[in-house]
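Where a number appears in this text, it was derived from the coordinates with a stated rule and is not lab data. Everything numeric here is computed off the predicted structure, so don't read it as measured data. Positions of Cβ are backbone-derived with ideal geometry, glycine not excepted, and every protein chain shown enters the neighbour counts.
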Amino acid sequence: MSPADKPVRIGMLGCGVVGSSVARLLLADTAELSTRAGVKMELSRIAVRTIKPYEGINPSLFTTDPFSIVNDPEIDLIIEVMGGIEPARELIMTAIENRKSVVTANKALLASHGAEMFTAAYAKGEDIYYEASVAGAIPIIRPMRDSLAGDFVTRLMGIVNGTTNYILTKMHEDDREFADVLKEAQALGYAEADPTADVEGFDAAAKAAILSGLAFHTRVTVDDVYREGISKITLEDVKIAKSMDHVIKLLAIAELTPADEISVRVHPVMLHKSHPLASVRDAYNAVFVEAESAGSLMFYGRGAGGAPTASAILGDVVAVARHIALNSVGQRETDYADRDIAPIESTKTKFLIRLEVADKAGVLASIATTFANHGVSIQTVNQAGRNDDAEVTIVTHLATEGELKATVESLKKMDAVQNISSVIRVEGATSA
Ligand code: HSE
């Protein structure tokens, strides 16, 4: 098919690392991408905070007024890569109101205001595509929304934050402390000067909300996601995991509970090395999806960076431009299932608990009794003596968060228990 005569005109909001990659690639490859879309595409305007020279981008494209783009009747498609909630939300809502389709990479906005944006877009017959919002270059949104539309997802687990995966990989492979690797990650540009969003799991929680909403046909926001980061993970935890053939990973997990609720959470996990996600190293991302008919699927690749993220955005741009030319829209996310979010206390996992205890007769028995009193069954116990003290490492069978929390509270009150060094959830081991 030769590209249609009327071009699809594109306006872009933001021109940082990702936006400038998108603009350069789109300008360089316009002819070929237009042929793929079946319609001529044209990057018409780019809104920036301050106009400065960008290599490979004609300066006449820039404006400092983003509203002039979303209100321009000549523009058909908006690429939003400015990030943040406002003014991105208002600009996108204005664009939709003005009958423009949107391609966005804005995970924070989708995870907090997605419902409002989708409702408005569908009422106007426009697309919102957001492949780049989760796991950068990895095709995961459209596989979840389109390719798996005929299946039933039951569970997904993802390494969706490259910064924390880089830190945990270096702790595991080079026996280095968290703070030391974090400094290196900042120097390399993986981690921000303020690393809170990555290290404390906020970034992963936004992505977990987006993925679980798609998987379970329910509106899920970042406030629904239980979240713990990796800043409390010590080198000692990593070494113990390693000695037990596990790695520690920050996972985003979303699954259906037996009560058909959604359990969605982000926290560090001790993952058995045989699990496919355990071999995802450095700043790479991966999402492992389980579906009723498809079985297990794994999506792997670069989760950040200018060109990888631009790849996902441009794939969306080609698809949306085609819909505009054909006066149609793509597959939509749906919220018909409207499932409840399971309280974290009801989530079942295995746990590893490390305790410093007095090395005296009866101590181990009293600890075991405390677990039993709260209905928590012990799978393995290891004890390492150190003079008058001992370090005890216990792995439980499946227990609810509530049962485990109550056990830990009781352990804290015991005279023989000097310290609870860590409590880490365990996934991917062989038996329940
Ligand atoms: N800061 C994110 C990460 C990339 O470290 O993976 C953007 O989502």
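Determine the alpha carbon to alpha carbon distance for each of 183/249; 232/405; 207/242; 273/360; 107/242 and list only those over 24 Å. From the list (183/249; 232/405; 207/242; 273/360; 107/242), the Cα-Cα distance tops 24 Å for 207/242; 273/360; 107/242.
If you fit an axis through the alpha-carbon atoms of helix 162-174 and take the longest principal axis of the Cα set of the chain, what angle between them do you get, 0 to 90°, nearest 10? In the chain, helix 162-174 runs at an angle near 40 degrees to the longest axis. For the chain, the residue among 294, 397, 33 whose Cα projects farthest onto the positive side of the dipole built from Cβ charges is 33.
Here the chain is described by how far its Cα atoms reach on the three principal axes: 85, 45, 34 Å, from widest to narrowest.
Looking at the calculated P(r) for region 106-235, what percent of the C-alpha pair distances fall above 20 Å?
Working: 4194 of 8385 pairs.
I get 50 percent for the Cα pairs in region 106-235 exceeding 20 Å.
Could you please rank 33, 314, 13, placing first whichever residue has the fewest other Cβ atoms within 10 Å of its Cβ? Don't jump to the answer; show the numbers that get you there.
Numbers: 33 19, 314 22, 13 27.
Ascending number of Cβ neighbours within 10 Å: 33, 314, 13.
Tell me, how many Å apart are the Cα centres for region 319-348 and for region 365-404? After rounding, the separation between the Cα centres reads 42 Å. Computed over the alpha-carbon atoms, region 286-385 gives an Rg to Rh ratio of 1.24, Rh here being the Kirkwood radius from the mean inverse distance. Shape analysis of region 32-100 based on the Cα gyration tensor places the equivalent ellipsoid semi-axes at 20, 18, 11 Å, largest first. With the convex hull drawn over the C-alpha atoms of region 344-427, the volume per residue is 80 Å³. Here the Gaussian network model covers the chain, with springs between Cα atoms less than 10 Å apart; of 223, 388, 340, 388 fluctuates the most. About its Cα centre, the chain has a charge dipole of approximately 560 debye under the convention of +1 per Lys or Arg Cβ and -1 per Asp or Glu Cβ, with nothing else charged. Taking Cα centre as origin and charging only the Cβ of basic (Lys, Arg, +1) and acidic (Asp, Glu, -1) residues, the dipole magnitude of region 344-427 rounds to 140 debye. Counting neighbouring beta carbons within 10 Å and listing from fewest to most, the residues 422, 296, 68 come out as 296, 68, 422. Pick from 338, 316, 415: which residue has the top mean-square fluctuation in a GNM of the chain where Cα pairs under 10 Å get a spring? Maximum among the listed residues: 415. Considering only 122, 344, 331, the residue lying farthest towards the positive end of the dipole of the chain is 331, judged by Cα position with unit charges set on Cβ.
Expressed in Å, the radius of gyration and Dmax of the Cα atoms of region 168-224 are 14.9, 42. The alpha carbons of region 172-283 give a radius of gyration and a Dmax of 15.2, 46 Å, in that order. Helix 306-326 axis versus longest C-alpha principal axis of the chain: approximately 50°, rounded to the nearest ten.
Here the 3J(HN,Hα) profile of region 351-368, calculated from phi with Karplus coefficients 6.51, -1.76 and 1.60 at θ = phi - 60°, is 10, 10, 10, 10, 10, 9, 10, 6, 8, 10, 4, x, 5, 4, 5, 5, 5, 4 Hz, Gly and Pro shown as x.
Helix-only estimate, please: 222 nm mean residue ellipticity of the chain, summing -39500 (n - 2.57) across DSSP H runs of length 4 or more and dividing by its residues, to the nearest 500. The helix contribution divided over the chain gives -10500 deg cm²/dmol. Taking other Cβ atoms within 10 Å as a rough exposure proxy, 104, 334, 119 sort from fewest to most as 119, 334, 104. What whole-number distance in Å separates the alpha-carbon centres of region 9-51 and region 95-158? Between the Cα centre of region 9-51 and that of region 95-158, the gap is 20 Å.
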